Amino acid sequence: MIPNRTPSKTSAPSGPVLRATIEYDGGRYRGWQAQINARTVQGTLLAAAHELWGPGVRVHGAGRTDAGVHALGQVASIHLSPRARVGEPADAMRRWNDLLPADINVLSLVAASPSFHARHDAVRRVYRYRIARRRTGFGKPFVYWTKDSLDVAAMGHAARLLAGRHDFRSFCENPEGHESTIVVVDHASVTAPVEADGLVLVRISASHFLWKMVRRVVGMLLEVGAGRMSEAQFARLLVERTPEPARLTVPPSGLFLESVGYPGEPEPVPPHPLRPAF
């Protein structure tokens with residue numbers, strides 16, 4: 001349920017709101033969420049936004065990616081003070097990017113409704129995990145390399161079991177810290193794109209995600225692909241509580257927030273499998 005954010009009569013007047021789509025390499029950051037004495041994506045964006053638009057700026061992301069996790073299409077709402085001068089969004093985006101490090105890039109910046117909130121209004125988030133079946137000297141920061149011989153078809157059959165409403169408590173770090181561990185998964189797939197030799201993509205679309213959920217799901221799918229777990233055993237993980245997925249959590253290097261969806265918007269065409277290549 002989206003909380004009511006209609007301002008009361010005594011609320012301070014709100015300023016312009018912008019919607020940004022952002023890509024970043026999360027390798028040098030302690031995640032999205034701003035933290036004291038830690039380099040984060042949100043904190044870096046916010047520091048540059050303050051320099052550009054002055055005090056009172058707030059930056060809210062649609063997904064709080066963990067340390068080391070990347071984004072191809074993170075969405076953020078930029079809430080400015082009433083005194084802020086926006087100008088043309090295209091010019092503001094150029095100037096904002098000039099203030100940001102090379103591993104964070106604002107892809108688009110447009111005016112949004114005054115009530116728009118990137119996290120609260122989102123109805124769909126799509127994550128992809130990139131697995132390399134061969135050693136690579138270039139893609140290591142953006143894949144997880146496995147030496148196992150993988151049955152991609154078996155992984156795909158198991159992934160389809162994720163669709164629907166399930167309790168992902170077994171796949172969640174600190175489930176007690178979540179209001180609920182129930183997640184509605186729209187679809188999940190495992191593919192080996194022909195244009196990307198040796199690459200396997202796991203894509204999951206859901207209403208929201210729990211802490212480390214995708215990385216633990218991928219870890220168990222890799223067990224299926226390697227023949228160490230059957231499809232039936234994988235299915236039981238969705239109905240039985242077990243610590244097994246935690247032991248096989250894959251690293252963040254291969255994980256990307258691919259896109260974020262909002263009411264009335266179709267799911268965008270997935271980026272090319274070889275991204276984040278230029």
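Bear in mind that the values in this text are calculations on the coordinates, not laboratory data. If you're wondering where the values come from, they're calculated on a predicted model, not measured in any experiment. Methodologically, a virtual Cβ is constructed for each residue, glycine included, from the backbone with ideal geometry; neighbour enumeration extends over all protein chains shown.
Using 0.36 nm per residue, how much length does the chain from ARG134 to HIS157 gain when fully extended, once their Cα-Cα distance is taken away?
Numbers: separation 23, 0.36 × 23 = 8.28 nm, distance 2.27 nm.
The ARG134-HIS157 span can extend by a further 6.0 nm.
May I ask for the longest run of the chain untouched by GluC sites (Glu not before Pro) that are loop-located per DSSP and have at most 13 neighbouring C-beta atoms (other than their own) within 10 Å?
Values: sites that count: GLU179, GLU195, GLU240.
Result for the longest clean stretch: 1-178.
Amide H neighbours of TRP211 under 5 Å, counting only residues 5+ apart in sequence or on other chains, H built in-plane at 1.01 Å?
GLU173
I'd like the projected area of the stretch 17-112, averaged over all directions, using the convex hull of its alpha carbons. Report it in nm² with one decimal.
Values: hull surface 21.6 nm².
With the hull built on Cα positions only, its mean projection is 5.4 nm².
Taking θ as phi - 60°, what are the ³J(HN,Hα) couplings along the stretch 45-61 by the Karplus curve (6.51, -1.76, 1.60), each to the nearest whole Hz, with x for Gly and Pro?
Each residue of the stretch 45-61 in turn: 4, 5, 4, 5, 5, 5, 5, 7, 10, x, x, x, 7, 10, 10, 10, x Hz.
Would you tally the net charge around SER253, using a Cβ to Cβ cut-off of less than 11 Å, leaving SER253 out, and scoring K and R as +1, D and E as -1?
Details: positive: ARG130, LYS140, ARG215; negative: ASP25.
With Lys, Arg at +1 and Asp, Glu at -1, the neighbours total +2.
Determine one quarter of the surface area of the Cα convex hull of the stretch 124-261, which equals its mean projected area, and express it in nm² to one decimal. Present the calculation step by step, with values, prior to reporting the outcome.
Numbers: hull surface 32.0 nm².
Result: a mean projected hull area of 8.0 nm².
Out of every Cα pair in the chain, what percent are spaced more than 29 Å from each other? Working shown, then result.
Details: 13762 of 38503 pairs.
Of the Cα pairs, 36 percent sit more than 29 Å apart.
Can you run phi through the Karplus equation (6.51, -1.76, 1.60; θ = phi - 60°) for the stretch 94-99 and list ³J(HN,Hα) in whole Hz, with x for Gly and Pro?
Values, residue by residue: 4, 5, 5, 4, 4, 8 Hz.
Spelling out what I want: for every residue of the stretch 163-180, take phi, set θ = phi - 60°, compute 6.51 cos²θ - 1.76 cosθ + 1.60 (Karplus), and round to whole Hz; glycine and proline get x.
For the stretch 163-180, the Karplus-derived couplings read 4, x, 9, 9, 8, 9, 4, 5, 9, 10, 7, 6, x, 5, x, 9, 4, 8 Hz, x marking Gly and Pro.
Of SER253, SER14, how do they rank once you tally other Cβ atoms within 10 Å and put the fewest first? The partial results should precede the final answer.
Values: SER253 19, SER14 14.
So the ranking, lowest neighbour count to highest, is SER14, SER253.
Could you tally the net charge around ASP151, taking each other residue with its Cβ under 14 Å from the Cβ of ASP151, Lys/Arg +1 and Asp/Glu -1? Mind dumping the intermediate values first?
Working: positive: ARG133, ARG228; negative: ASP148, GLU223, GLU231.
Charge balance in the 14 Å sphere: -1.
Quick one: work out the % antiparallel among DSSP beta bridges in the chain, nearest 5.
Details: 44 of 48 bridges.
If I count the DSSP bridges inside the chain, around 90 percent turn out antiparallel.
With each run of n ≥ 4 DSSP H residues scored as -39500 (n - 2.57), what mean residue ellipticity at 222 nm is computed for the chain after dividing by its residue count and rounding to the nearest 500 deg cm²/dmol?
Numbers: 6 runs with 55 residues, N = 278.
Calculated from helices alone, the mean residue ellipticity at 222 nm is -5500 deg cm²/dmol.
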